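Everything below concerns the one structure shown next.
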Amino acid sequence: MNPILFRLKARREAAGLTQAQLAAAVGVTQPCLVYIEQGKKFPSWSTACKLADMLGISLDEFRRDRANPS
């Protein structure tokens with residue numbers, strides 16, 4: 001998985017959410033979320049904010065993950 005995705009899949013799974021659940025909660029389709037997790041699509045600012053809120057993390061934490069992909 002591409003580290004620029006902020007480890008989105010791992011965070012979603014740790015939160016106990018399916019792709020369908022998270023996608024519905026942030027207002028995107030499941031295929032859209034799959035593309036975001038696979039690095040084929042980058043979330044809009046609005047979607048990134050909703051993802052951060054749903055996963056209980058700050059956008060700064062997303063950025064730290066992006067800068068430190070390990």
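The values are calculated or read from the model by the stated rules, or taken from the named source; none is laboratory data. This structure is a prediction, so every number in the text was calculated from the model and none was measured. Cβ atoms come from the backbone with ideal geometry, glycine included; neighbour counts cover every protein chain shown. Just the protein is used for accessible areas: all its heavy atoms, side chains included, with ligands, DNA and RNA removed. Shrake-Rupley method; radii C 1.70, N 1.55, O 1.52, S 1.80 Å.
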For this session: Scan segment 6-27 for residues that are farther than 11 Å from Met54 by Cβ, touching a helix residue (DSSP H, G or I) at 6+ places or on another chain (Cβ under 6 Å) and of a type outside the set (D, E, K, R) and jot them down.
Result: Phe6, Gln19, Ala20
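If you scan segment 25-43, which residues turn out to be modelled with pLDDT under 90 and either in a loop (DSSP other than H, G, I, E, B) or crowded, with 18+ Cβ neighbours inside 10 Å (or both)?
Kept after step one, since they are modelled with pLDDT under 90, are these residues of segment 25-43: 36-43.
Ile36, Glu37, Gly39, Lys40, Lys41, Phe42, Pro43, listed by residue number.
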Problem set entry | Cβ pairs under 9 Å, 6+ apart, first in segment 1-22 and open to solvent by less than 50 Å² (accessible area, probe 1.4 Å) and at pLDDT below 95, second outside any helix (DSSP H, G or I) and small (Gly, Ala, Ser) | Leu5/Gly39
Exercise. Across segment 51-69, what is the number of residues that are modelled with pLDDT of 60 or more and either among the hydrophobic types (A, V, I, L, M, F, W, C) or not in a helix (DSSP H, G or I) (or both)?
Worked result: 9
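Please enumerate the residues belonging to segment 45-55 that are within 11 Å of the chain's Cα centre (by Cα) and either open to solvent by 40 Å² or more (accessible area, probe 1.4 Å) or in contact (Cβ under 8 Å) with a residue 12 or more places away in the chain (or both).
If we filter segment 45-55 for residues that are within 11 Å of the chain's Cα centre (by Cα), which is where we start, we get 47-55.
Those that are within 11 Å of the chain's Cα centre (by Cα) and either open to solvent by 40 Å² or more (accessible area, probe 1.4 Å) or in contact (Cβ under 8 Å) with a residue 12 or more places away in the chain (or both): Thr47, Ala48, Cys49, Lys50, Leu51, Asp53, Met54, Leu55.
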